[in-house]
Amino acid sequence: MTGPDGSASSIARDLVACLAAAGVTDVMLAPGSRSAPVALALHAAEARGSLRLHVRVDEREAGFLALGLAKVARRPVPVVTTSGTAVANLHPAVLEALHAGVRVVAVTADRPARLRGTGANQTTVQPGIFPGVTCVEDVDALARELAAPTVRPVQLNLELDEPIVAPVLAPESQVWSAARSTTTDAPHEVAELERGPRTVVLAGDDAGPRARQVAEAAGWPLLAEPTSGARTGPALPSYRLLLAHAPLTGDVERVVCLGHPTLSRPVTSLLARADVDVVHVGTASTFPVPAGPRVRFVDDVTAPRDGPSPEDDAWRERWRVAEQVAADIVTVSVAEHPTSGLAVASIVARAVPPGGLLVVGASQVIRDLDLVSPAHPVGERRLVIANRGLAGIDGVLSTAIGAALARDSSRALAVVGDLTFLHGSNGLLIGPDEPRPDLTIVVVNDDGGAIFSTLEQGAPDHADAFERVFGTPTGADLAALCTGYGVPHRRVGPSELAAVLQEPAAGLRVVEVPVSRDDRRALDVDLRAAAAEALEA
């Protein structure tokens with residue numbers, strides 16, 4: 001590929017102009033040789049005030065930084081790498097973006113195609129290296145992709161030939177106008193929901209306030225995951241325990257589902273039932289089980305026009321009363337286990353003020369938060385996000401940093417487990433000239449994988465093997481690690497955490513909270529048993 005004047009530098013200038021026309025404001029860069037002309041063009045663009053550049057030495061973390069920014073900013077965020085294995089290190093973040101519907105743009109510098117298969121240094125087959133992700137190979141094609149209405153990641157693979165670096169003679173080699181979509185509008189199916197079936201509204205990840213609006217208008221129970229954007233107003237935070245209550249969940253006849261529900265087996269069991277109608281706003285890519293004949297995919301839904309019926313009011317009241325019972329059980333469990341991960345999640349949830357940001361790690365942390373995070377008043381919504389496309393533990397720290405950089409929040413917090421923290425610790429490797437957000441990262445340190453204690457492999461039958469192959473304790477010194485990265489660190493007990501989180505904090509800091517997972521399985525079993533008994537009473 002060549003630019004108007006035949007140079008790699010010209011291609012780079014075209015790319016920067018194209019990104020600016022598409023509304024790009026932030027670009028991630030992991031330095032390398034083949035990507036040098038793009039790096040220089042981006043640096044010059046930042047000097048002109050056209051964009052904000054973020055440099056990372058780890059491509060994987062650069063990818064997740066782009067993901068966090070794109071999730072919050074709701075605009076394309078490119079991440080630029082050099083050729084070879086650098087490209088492959090973007091794969092985890094690109095996969096998450098693909099399954100979560102986030103517009104990360106992987107700009108992968110490449111050797112000329114004639115060198116593939118020759119043993120040339122850092123040369124492999126890069127086009128299409130991310131299965132399922134559209135790959136384009138020139139800036140014009142990228143402009144068309146960025147103009148498309150579908151929000152998805154894209155790869156721009158740039159073949160850059162020698163000479164790699166040439167003098168930059170002008171800010172751009174051509175002028176780009178804002179890209180416009182030429183795609184015709186597709187049919188937009190809106191399901192007009194009728195009265196009759198006993199219905200619950202389920203809000204999965206990134207459902208947004210639409211789920212709450214539909215539930216309120218129809219008078220139906222609202223079951224909202226913490227990252228749904230709908231855990232406000234009438235939402236029932238204890239829904240997971242309520243769905244395990246057969247007399248209640250057994251009477252569900254229809255589910256109206258929005259977002260991408262991923263967190264719990266009771267939810268997937270409900271959506272998989274053969275005797276329940278499901279109306280899902282979305283496609284199979286955001287539906288967590290194989291769709292049966294009673295699942296209908298639509299673009300939007302409208303609540304019945306005449307408001308809740310007496311039957312709807314009675315149905316909703318059954319769920320509201322059950323919620324009060326289950327919520328009391330959760331409150332008692334947190335009080336009886338003040339040094340547990342559940343208690344830490346409760347403290348963190350309540351430390352996020354209106355307008356605040358909370359980024360949540362995968363595994364046990366988000367499931368604890370799901371049980372204890374309250375439904376806030378409408379208008380006081382917090383932005384709670386997590387990587388739920390594939391729900392991996394990798395890259396969470398960089399995702400959180402990117403999210404905090406993209407949002408002007410009243411307070412920005414992240415909460416992760418120790419394994420998630422260690423897996424993504426290179427996200428803390430930030431150069432002295434790079435933008436840093438005000439972000440407090442809470443590490444719930446139980447020295448291993450607590451979630452496995454609550455699953456089948458945590459049963460006594462597997463006790464001999466559990467610690468080594470599931471618990472995986474590391475004994476890592478998080479304070480020493482943070483010192484190495486130059487990030488402030490504090491180790492506090494759960495009883496001190498609430499006060500620490502109210503302190504003014506500038507820049508990045510890590511707050512480590514040691515907890516035990518020795519009784520984690522018993523806590524989970526006892527909580528569910530107590531809720532079941534109370535709901536049956």
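None of the figures in this text is laboratory data; all of them are computed from the coordinates on show. Small disclaimer: the values here were computed from a predicted structure and weren't measured. Cβ atoms come from the backbone with ideal geometry, glycine included; neighbour counts cover every protein chain shown.
Between rounded, prolate and oblate, where does region 373-414 land on the alpha carbon gyration tensor, with a ≥ b ≥ c its root eigenvalues, rounded for a/c under 1.5, else prolate if a/b exceeds b/c?
Details: a/c = 2.79, a/b = 1.46, b/c = 1.92.
Oblate is the answer for region 373-414, as a/c is 1.5 or above yet b/c matches or exceeds a/b.
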key: Potential lengthening between ASP275 and THR25 on full extension [0.36 nm per residue; Cα-Cα distance subtracted]   = 85.2 nm
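Got the relative contact order for the chain handy, in percent, Cα pairs under 8 Å and 6 or more residues apart? Spell out each step's value before the answer.
On the way: 1120 pairs, mean separation 73.8, N = 537.
Relative contact order of the chain: 14 percent.
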query = If you place +1 on the Cβ of every Lys and Arg and -1 on the Cβ of every Asp and Glu, how big does the dipole about the Cα centre of the chain come out, in debye to the nearest 20?
reply = 740 debye
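Which net charge results for the neighbourhood of PRO354, defined as the other residues with beta-carbon distances under 14 angstrom from its beta-carbon, given Lys and Arg at +1 and Asp and Glu at -1? Don't skip to the end; give the middle numbers.
Working: positive: ARG231, ARG350, ARG381, ARG382, ARG407, ARG411; negative: GLU380, ASP408.
Local charge sum for PRO354: +4.
With +1 on the Cβ of every Lys and Arg and -1 on the Cβ of every Asp and Glu, and nothing else charged, how large is the dipole of region 338-518 about its Cα centre, in debye rounded to the nearest 20?
Values: 13 positive and 20 negative charges, 123 e Å.
I would put it at about 600 debye.
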message = Helix 396-406 against the longest principal axis of the chain: what's the angle in degrees, Cα atoms only, rounded to the nearest 10?
response = 80 degrees
query = How much length is gained if the chain between VAL57 and THR302 is pulled fully straight, taking 0.36 nm per residue apart and subtracting their Cα-Cα distance, in nm to one decimal?
reply = 83.4 nm
query = Which value does Rg/Rh take for region 190-325 over its C-alpha atoms, Rh per Kirkwood?
reply = 0.91
key: Computed lengthening from PHE470 to ALA191, 0.36 nm per intervening residue step minus Cα-Cα distance   = 96.0 nm
key: Exposure proxy order (Cβ contacts within 10 Å, fewest to most) of VAL372, VAL330, VAL396   = VAL330, VAL372, VAL396
message = For the chain, take the longest principal axis of its alpha carbons; what is the angle in degrees between that and the long axis of helix 8-21, to the nearest 10 within 0 to 90?
response = 40 degrees
message = I need HIS489, HIS462 ordered by Cβ neighbour count within 10 Å, fewest first.
response = HIS462, HIS489
message = Of PHE287, LEU243, THR331, which is farthest towards the positive pole of the chain's charge dipole, taken about the Cα centre with +1 and -1 on the beta-carbons of Lys, Arg and Asp, Glu respectively?
response = PHE287
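Determine the dipole magnitude for region 190-325: charges of +1 sit on the beta-carbon of Lys and Arg, -1 on that of Asp and Glu, nothing else is charged, the reference point is the Cα centre, and the result goes in debye to the nearest 20. Don't skip to the end; give the middle numbers.
Working: 15 positive and 18 negative charges, 64 e Å.
The calculation lands at about 300 debye.
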remark   = Ordering 38-47, 475-484 by per-residue average of other C-beta atoms within 10 angstrom, highest first, gives 38-47, 475-484
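What value, in deg cm²/dmol to 500, does the helix sum -39500 (n - 2.57) over DSSP H runs of n ≥ 4 give at 222 nm once divided by the residues of the chain?
Working: 19 runs with 191 residues, N = 537.
The per-residue figure over the chain is -10500 deg cm²/dmol.
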inquiry  = Just to confirm the filter: which trypsin sites (Lys or Arg not before Pro) across region 220-308 are DSSP coil and have at most 14 other Cβ within 10 angstrom of their Cβ?
reply    = ARG294, ARG305
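So how do HIS91, HIS260 line up by other beta-carbon neighbours within 10 Å, fewest first? Please report the intermediate quantities before stating the final value.
On the way: HIS91 17, HIS260 23.
Ordered from fewest to most neighbouring Cβ atoms within 10 Å, HIS91, HIS260 come out as HIS91, HIS260.
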task = Kindly express, to the nearest 10 degrees and within the range 0 to 90, the angle between helix 310-336's C-alpha long axis and the longest C-alpha principal axis of the chain.
result = 80 degrees
